1. Find, among the trypsin sites (Lys or Arg not before Pro) in region 306-350, those assigned to loop by DSSP (not H, G, I, E, B) with at most 16 other beta-carbon atoms within 10 angstrom.
2. Would you compute, from DSSP H runs of 4+ residues alone, the mean residue ellipticity of the chain at 222 nm, taking -39500 (n - 2.57) per run and dividing by the full residue count, rounded to the nearest 500?
3. Would you work out what percent of the accessible area of the chain, with all protein chains in place, is carbon or sulfur (probe 1.4 Å)?
4. Taking the dipole about the Cα centre of region 214-340, with the C-beta of Lys and Arg at +1 and of Asp and Glu at -1, give me whichever of A292, A261, G235 is farthest to the positive side.
5. Could you state the angle between the C-alpha long axis of helix 114-130 and the longest principal axis of the C-alpha atoms of the chain, as a value from 0 to 90 degrees rounded to the nearest 10?
6. So what is the diffusion coefficient of the chain in µm² per second by Stokes-Einstein at 10 °C and 1.306 mPa s, using a Kirkwood Rh over Cα pairs?
7. On average, how much accessible surface per residue is there in the chain, in Å², for a 1.4 Å probe, leaving out ligands, DNA and RNA?
8. Helix 489-498 against the longest principal axis of the chain: what's the angle in degrees, Cα atoms only, rounded to the nearest 10?
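The values are calculated or read from the model by the stated rules, or taken from the named source; none is laboratory data. In this text the structure is predicted, and so the values were computed from the model without any measurement. Virtual Cβ from ideal backbone geometry, glycine too; neighbours counted across all protein chains shown. Side chains included, ligands, DNA and RNA excluded: accessible areas come from the protein's heavy atoms. Shrake-Rupley method; radii C 1.70, N 1.55, O 1.52, S 1.80 Å.
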Amino acid sequence: MSADRRRGIATVCLSGTLEDKLAAAAAAGFDGVELFENDLLASPWSPARVRRECADLGLSIDLYQPFRDFEAVPPDVLARNLRRAERKFDVMEELGADTVLVCSSVSPDAVDDDALAAEQLHALATRAAERGIRVAYEALAWGRFVSTYDHSWRIVRAAGHPALGLCLDSFHVLSREVDPVAIRTIPGEKVFFLQLADAPRLRMDVLQWSRHHRLFPGQGDFDLTSFVDHVLATGYRGPLSLEVFNDVFRQSEPRAAAVDAMRSLLLLQEPPDAAPVLTGHAFTEFDVDDTAAGQVEAALTGLGFALAGEHRTKPVRLWRQGGARVVLNHRPPATGAHAAVSAVAVESPDPTRSAARAGEFLAQPSGDNAVAAPDGTSVIFCRDEWLADFAPLSSSDVVGAGVLGTDHVGLTEPFDRFEQAGLFYRAVLGLELEDETEFAAPFGLVRRHSVVDRARHVRIALDATLVRRGAWGPDVREPQHVAFTTADALAAATAMRARGAPLLDIPANYYDDLDARLAPAQDFLAALRENSVLYDRDAHGEFLHFFTEVLGDRVYFEVVQRIGAYAGYGAVNAPIVMAAHRRRRRETAR
């Protein structure tokens, strides 16, 4: 897919006034916009002023939309519709827009008559052509009689007017589960416009699905790569333009949403395997104040980590066991005991190239070969040269307790940044979405998805809960954690408890249910129960994991053992862990 194709965005994708939306689209690097009529109606700018402002921002107005309920109607209704169209053509001439989107009718006045629809659309196109305007006819997925792209194409072909063509919208096509391959048979000159939106696969009314749950490309379940390939195979030469209706996006800061939108198109256009290969987690950095530092360092010691180095110029310490590395960055005292993941460092054979590519995906720099994630976490690309910044300590030779490396980093994102975060890590790190799920937790529904590289050397698990208001909620809001790998979770748990690690106790009810659900061997079940190790299995393998208590105000550690090809994160056990963390926090607060 050519990377030099023009990119556009519908103003309906973004929050704010028309002025806000245009500024955001331009700042994100879009070439043009689809001007949604409601945005113009609410603006104090005249159409001519909008045209000038767009030109000053370097934006073209590629489409004016929507024009609804036009075709297959009685003569008196047609007359009113043509008058309405002429008034809109006046506006478009002032705007400098040469293409209008006409949606298939949902009007009760419409009749099921393709010949009549073609005849009336021909009449509309004739009037449009006299004004230098083209008509792009779109099949709404909920259209009264025309709801699929192949049906709309039959009508356009029958109308036979050069100023009448198609608008192909990925949502309207793919939500109907109609095979899009036949798009390739449509002449490219009859595809006037292409609109792109992703979406999760939901079983619900298609209108509500479209109006509230569309996503930017790469955030949902649609195969947009194949869809765009089909459209481009026709010879279509217009822009790739986004039309996304989403309640969260429409309440988000428009410049951030526009950056996400552009990032999604860049990712869609990127050739396969273009991202530099990542080879693993280099280290995870925590910001800690003096109070939390004592808790975290005591926990690391109990887990078998050794203090391996002190930074030569900063109050930063390196802890290490096997291939797992944790960096503690000591900050001035805060209220309570503050600890938070401040950086995720990944190993790249070419950190400079990785950081440059991240910049191409609009990531903001946060240091040498480092960029800022949407939540402020720094993502660092590095090789082992960073270790030279630390003066080694002799205690680095202390025998550990079975930790081999870092399995994943777990971050909790605000609900309104959940999709944004997933797209960021996929685009900027070249990771792939995996293991998307949701579960009922003690304080409401939790969404979770993870992003991984193909070799599963780098894993980042993202959680999000609905926005909370008021005082009622979990004791640990937006928790973060690092999960370490071990070859023997039971042995590691035994050794770590003996070393004084603050491991989390799991209630007996969990193991009674585990016995009923999965019927593990009784001696194995007894060992799990004794060590408070949780268990899951699927068709691919098994998963054992256990946790520390919460350290500081929001962080904890996890130790995991993967057996076979188990690729998940034990989501079935997450509510048990959340409840146990709350209970322990309440006990220690007494």
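1. Here the trypsin sites (Lys or Arg not before Pro) that fit, given the DSSP loop and packing criteria, are R312.
2. It lands at -10000 deg cm²/dmol.
3. C and S atoms contribute 51 percent here.
4. A292
5. 80 degrees
6. The estimated diffusion coefficient comes to 60 µm²/s.
7. Averaged over the residues of the chain, the accessible area is 41 Å².
8. 50 degrees
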